[in-house]
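Engineer: Dropping the structure in here first, questions after.
The values are calculated or read from the model by the stated rules, or taken from the named source; none is laboratory data. These numbers come from a predicted model, not from an experiment. Cβ sites come from the backbone with ideal geometry, for glycine too, and all protein chains shown count toward neighbours. We work out accessible area using only protein heavy atoms, side chains counted, and drop any ligands, DNA or RNA first. Shrake-Rupley method; radii C 1.70, N 1.55, O 1.52, S 1.80 Å.
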Amino acid sequence: SYPLAFTGCRDGFMDIAKIPMEKRSAGTLNVVTLALLGVITFCAITLTDVSFVLAFGGATLGNALTYVYPALMYRAVVKQQERTEEQMGVNVSLASAVLGIVMGIIGARMAILKTGGGH
């Protein structure tokens, strides 16, 4: 499963870096793969306590997936389908997203303080 997940990571990185599909030759893929594996390996060697990564990732990404992204998707669908009668539902979902952001900030801060990063 690692090669499948890594391929998605590499392709996503190249999308963010705005590398056009025409320039994604085998050589470019190899260079990007080696660079990403180097960064990942360096982080694996440097980080001695994986609990911080798990706590921080759970606080930020978990809240984003649970509260923020669904609210943004719901708002986009309502806007795209021009369902103006659902504005109250959109407002409630956006309030939930704000609450999720606040909880994510609190969770991230707690993860930093718990691992000694806040001293």
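Engineer: Rounded to the nearest 20 debye, what is the charge dipole size of the chain about its Cα centre when +1 sits on each Lys and Arg Cβ and -1 on each Asp and Glu Cβ?
Structural biologist: Roughly 180 debye, rounded to the nearest 20.
Engineer: From Cα pairs below 8 angstrom and at least 6 apart in sequence, can you work out the relative contact order of the chain, rounded to a whole percent?
Structural biologist: Averaging sequence separation for qualifying contacts and normalising by length gives 29 percent for the chain.
Engineer: Using 7 Å Cα-to-Cβ label points, what is the Val50/Met73 separation (nm, one decimal)?
Structural biologist: For Val50 paired with Met73, the spin-label model returns 2.8 nm.
Engineer: Round to a whole number: what % of the accessible area of the chain belongs to carbon and sulfur, probe 1.4 Å?
Structural biologist: Of all accessible area on the chain, carbon and sulfur atoms account for 71 percent.
Engineer: Also: Express in nm, to one decimal, how much length is gained between Ser96 and Val31 on full extension, taking 0.36 nm for each residue of separation and deducting their alpha carbon distance.
Structural biologist: 19.2 nm
Engineer: Probe of 1.4 angstrom, ligands and nucleic acids ignored: what's the accessible area per residue over the chain, in square angstrom?
Structural biologist: Normalised by residue count, the accessible surface of the chain is 74 Å².
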